[in-house]
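Participant: Have a look at this one.
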Amino acid sequence: MSDLKLSCLECHLKFDLFKIRYFCSCGGLLEIAQNRASSPILTEKLDSRLTSRKASDRSGVWRFREGLIPLSDSTIVTQSEGSTPLHRSERLEKWSGSKHLWLKHEGENPTGSFKDRGMTLAVSVAKHLGQKVLACASTGNTSSSLASYAARAGLKSVVFLPSGKVSQGKLSQTLAYGAHVFSVKGDFDRAMEIVKHLAEEELVYLVNSINPFRIEGQKTIIWELLQDLEWNPPDWILVPGGNLGNTSAFGKAIDEAFHWGWIKKRPKIVTIQAAGASPFFKSFQQNFASIDSVKAETIATAISIGNPVNFTKARKAITSTGGLVEYVTDIEIMEAKRQIDLAGIGCEPASATTLAGLKKLIQNNQIKPDESATLILTGHLLKDNEASNDIHKVSFKEVEPDMSVIKNALNEVA
Ligand code: F0G
């Protein structure tokens with residue numbers, strides 16, 4: 001564990017684990033290179049922690065600590081993140097055409113999205129490094145998560161949000177946890193450029209997913225899923241793609257789980273993008289030779305990103321697992337969201353790309369109905385009320401407090 005290094009994805013140059021850097025001198029992304037010769041981590045040990053009362057065992061992130069980074073329990077900033085439910089739904093199997101469908105609901109994390117898994121690591125590392133001002137660009141979930149974890153650690157958070165492109169719920173949540181909000185007249189990609197400059201000048205500590213510790217934490221979505229399935233991986237794992245942090249984390253998690261012998265086969269990763277924000281899909285169609293940024297526009301504001309920073313890591317994740325990249329339209333996203341909501345599970349629009357994508361891939365014969373698939377639902381239903389109210393308004397009726405009127409209306413329901 002102690003010989004973990006930051007390693008450049010392109011030129012493999014190594015840096016000390018806790019050196020504050022986000023890119024190599026060659027411009028490549030940095031990742032945390034695990035020492036492959038280190039003693040294996042046993043699944044029996046991980047499973048034994050499921051009944052423990054210790055805070056680090058109860059966290060669905062720190063339960064896997066030997067596969068993450070070495071930090072003392074007193075440095076860790078945790079709020080029992082992870083341990084999210086794995087749902088089944090006959091309704092959604094029927095609707096998508098899949099015969100073996102699971103939905104892992106990352107919206108059940110403390111701040112309502114998967115971001116908490118990466119943020120517990122990034123904020124713990126910031127505390128370890130003595131950093132005081134933590135920053136991110138965000139479409140609203142990273143900012144909510146940062147604001148909460150920074151507050152728990154007694155640190156300051158500064159967030160850059162694309163003006164008018166963040167749902168009210170996410171904005172309120174970010175403000176409520178005490179973040180300083182800068183609403184940037186521009187899109188997410190512009191906000192990302194700004195915060196990268198500030199980080200390069202060491203004015204802030206950056207906790208977007210180019211921070212390699214974020215990726216480490218998000219690996220545990222996959223490890224926990226594998227544990228939930230008693231270490232029998234599904235054939236396919238579908239995840240929404242924006243900045244491609246999750247796709248990158250999933251590839252690394254699968255690679256390490258396979259290396260450590262936790263699983264005997266690699267599940268294939270499928271990244272689903274919104275049609276109006278699909279540079280990764282376009283790159284996939286051209287064998288990933290390069291990526292061209294786009295001007296992003298989609299109802300799924302969480303993934304309205306035109307220039308994903310984690311492209312090279314995500315490309316590796318798709319190619320090493322034999323995965324796919326697909327896109328779905330806003331209409332398909334909202335219909336899939338309606339189905340997930342009406343199944344009693346619920347999610348925000350970005351998460352529903354996964355179900356819409358699964359249906360499309362089954363229809364196109366790229367995924368077979370009897371292959372098992374897991375959808376990663378990344379955000380909670382209540383994250384975007386504006387989007388929900390619109391698709392569910394048919395079930396809303398103003399009524400006079402008059403029994404005969406109400407009984408008539410009830411007849412239409414029954
Ligand atoms: N789903 C939700 C609900 C998200 O909030 C995000 C990203 C994604 C999917 C995409 O994940 O970037 O790892 O490919 N939200 C970021 C934010 C951009 O600022 O909250 P990715």
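The values are calculated or read from the model by the stated rules, or taken from the named source; none is laboratory data. A quick note: this is a predicted structure, and the numbers were derived from the prediction, not measured. Positions of Cβ are backbone-derived with ideal geometry, glycine not excepted, and every protein chain shown enters the neighbour counts. Note: accessible area is taken over every heavy atom of the protein model, side chains too, but ligands, DNA and RNA are not part of it. Shrake-Rupley method; radii C 1.70, N 1.55, O 1.52, S 1.80 Å.
Participant: For residues that are touching a helix residue (DSSP H, G or I) at 6+ places or on another chain (Cβ under 7 Å) and open to solvent by less than 10 Å² (accessible area, probe 1.4 Å), tally how many sit in segment 214-231.
Facilitator: Adding up the residues that qualify gives 11.
Participant: Among (1) more than 16 Å from the ligand (Cβ to nearest atom); (2) surrounded by 24 or more Cβ atoms within 10 Å (Cβ to Cβ), there is one condition residue 91 misses while meeting the rest; what is its number?
Facilitator: With (1) more than 16 Å from the ligand (Cβ to nearest atom); (2) surrounded by 24 or more Cβ atoms within 10 Å (Cβ to Cβ) applied to residue 91, the lone miss is (2).
Participant: Something else: Can you go through 370, 402, 341 and tell me which one is within 16 Å of the ligand (Cβ to nearest atom), among the charged types (D, E, K, R), open to solvent by 10 Å² or more (accessible area, probe 1.4 Å) and at pLDDT 95 or above?
Facilitator: Only one candidate qualifies: 341.
Participant: Next up: Being among the aromatic types (Phe, Trp, Tyr) and touching a residue at least 40 places away in the same chain (Cβ under 8 Å) is the filter; apply it to segment 248-268 and report the residue that is surrounded by the fewest Cβ atoms within 10 Å (Cβ to Cβ).
Facilitator: 260
Participant: Of 241, 245, which residue is touching a residue at least 12 places away in the same chain (Cβ under 8 Å), closer than 22 Å to residue 387 by Cα and among the small types (Gly, Ala, Ser)? First the steps, then the outcome.
Facilitator: Details: 245 fails: closer than 22 Å to residue 387 by Cα.
Answer to the selection: 241.
Participant: Specify the residue that is most open to solvent (accessible area, probe 1.4 Å); the eligible residues are those in segment 94-118 that are in a loop (DSSP other than H, G, I, E, B) and closer than 29 Å to residue 175 by Cα.
Facilitator: Checking each candidate, the answer is 110.
Participant: Please verify whether residue 198 is part of a helix (DSSP H, G or I), more than 15 Å from the ligand (Cβ to nearest atom), among the aliphatic types (A, V, I, L, M) and open to solvent by 10 Å² or more (accessible area, probe 1.4 Å), treating the condition exactly as stated.
Facilitator: Details: part of a helix (DSSP H, G or I): yes; more than 15 Å from the ligand (Cβ to nearest atom): yes; among the aliphatic types (A, V, I, L, M): yes; open to solvent by 10 Å² or more (accessible area, probe 1.4 Å): yes.
Criteria met by residue 198.
Participant: Yes or no: residue 254 out of contact with any strand residue (DSSP E or B) (no Cβ under 6 Å at 6 or more places or on another chain) and more than 13 Å from the ligand (Cβ to nearest atom)?
Facilitator: Yes, satisfied.
Participant: Okay, next question. Just checking, how many residues over segment 269-302 are in a helix (DSSP H, G or I) and open to solvent by 10 Å² or more (accessible area, probe 1.4 Å)?
Facilitator: Selection size over segment 269-302: 8.
Participant: Still on this structure, please answer the following. For residue 82, which of the numbered conditions (1) surrounded by fewer than 17 Cβ atoms within 10 Å (Cβ to Cβ); (2) touching a Lys or Arg at 6+ places or on another chain (Cβ under 7 Å) fails to hold?
Facilitator: Single failed check for residue 82: (1).
Participant: Another question, then. Evaluate segment 119-141: report whether one residue or more is within 8 Å of the ligand (Cβ to nearest atom), touching a Cys at 6+ places or on another chain (Cβ under 8 Å), assigned to a helix (DSSP H, G or I) and modelled with pLDDT of 95 or more.
Facilitator: The answer is no, given that none of the residues of segment 119-141 is within 8 Å of the ligand (Cβ to nearest atom), touching a Cys at 6+ places or on another chain (Cβ under 8 Å), assigned to a helix (DSSP H, G or I) and modelled with pLDDT of 95 or more.
Participant: Tell me, please, whether a residue that is of a type outside the set (Lys, Arg) and assigned to a helix (DSSP H, G or I) can be found in segment 151-163.
Facilitator: yes
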